[in-house]
Amino acid sequence: MSETGSAGRPGRYSRSFGGLVGAMVVTVVGVLVVFGLRNLTSDEDVFDREPVDYLALVRDVQVAGVDVVYPATLPSGWGASDVDFTPAPRPAFDLSVLTADSDYVGLRVADAPLEEMLESLVDEDYSERDPLVFNGAEAEGLVATRWEGFGDDGGDTAYAAEVDGQQVLVYGSASPQEMSGYVALLTDVTVEGADDSDQDRQPGD
């Protein structure tokens, strides 16, 4: 009897261990399912962060004596995610923003061939689209009233205009209507505080 009992104990232990492992697997899977459903139903953006203060860099660039085109403000719900300035010999200003629906809109202002900018920022196989033209009262104060239209097969849209010898390119996955509204906000006016008293200051200092 004792031998039978000894032989039985390992068997009971083996079944108990297997049941424990099974229970752990079920628990882990349950946690993952709950976590996944919570993420799908949550309105919070886990990648949310404070918008970039792009006007601070615009001010520095202007203080350094460089003309730049930038949005005076952003539509409600939009936020700047990145801003950068490349100094001479080929100055370039880049601004990235996200719309309220998290669509991307980029802005590049540079003394560079438009074709080169389109190929690198939109698509090598970009094609021409309908231009964006502002007339009458809506054209007042704009840096340009006609913007050439471009796009690609992936759904991206781009508008370009030459302003004071520089190419200004707006591009991204936002709708043409949103892009048009963004273009209308572009300006080259001096940001408050960007006076001539700090001409030796470099962008970003």
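The values are calculated or read from the model by the stated rules, or taken from the named source; none is laboratory data. Here the structure is a predicted model, which means the values were calculated and not measured. Please note: Cβ atoms are built from the backbone with ideal geometry, for glycine as well, and neighbour counts cover all protein chains shown. Just the protein is used for accessible areas: all its heavy atoms, side chains included, with ligands, DNA and RNA removed. Shrake-Rupley method; radii C 1.70, N 1.55, O 1.52, S 1.80 Å.
Among the residues of the stretch 157-189, those identified as open to solvent by less than 50 Å² (accessible area, probe 1.4 Å), part of a strand (DSSP E or B) and of a type outside the set (Ser, Thr, Tyr) are ALA158, ALA160, ALA161, VAL163, GLN166, GLN167, VAL168, LEU169, VAL170, GLY172, LEU186.
The set of residues in the stretch 133-156 that are in a strand (DSSP E or B), open to solvent by 20 Å² or more (accessible area, probe 1.4 Å) and closer than 13 Å to SER180 by Cβ comprises VAL133, ARG146.
Residues in the stretch 55-88 that are part of a loop (DSSP other than H, G, I, E, B) and open to solvent by 60 Å² or more (accessible area, probe 1.4 Å) were compared, and the one that is farthest from GLU178 (Cα to Cα) is ALA88.
Do we find a residue being touching a Pro at 6+ places or on another chain (Cβ under 6 Å) and not β-branched (Val, Ile, Thr) anywhere in the stretch 71-79? Looking through the stretch 71-79, at least one residue is touching a Pro at 6+ places or on another chain (Cβ under 6 Å) and not β-branched (Val, Ile, Thr). Given the options GLU116, GLU124, name the one that is part of a loop (DSSP other than H, G, I, E, B) and either exposed (fewer than 13 other Cβ atoms within 10 Å of the Cβ) or touching a Ser or Thr at 6+ places or on another chain (Cβ under 7 Å) (or both). Every option except GLU124 fails the conditions. What number of residues in the stretch 97-113 are buried (at least 18 other Cβ atoms within 10 Å of the Cβ), assigned to a strand (DSSP E or B) and not basic (Lys, Arg)? The qualifying residues number 7.
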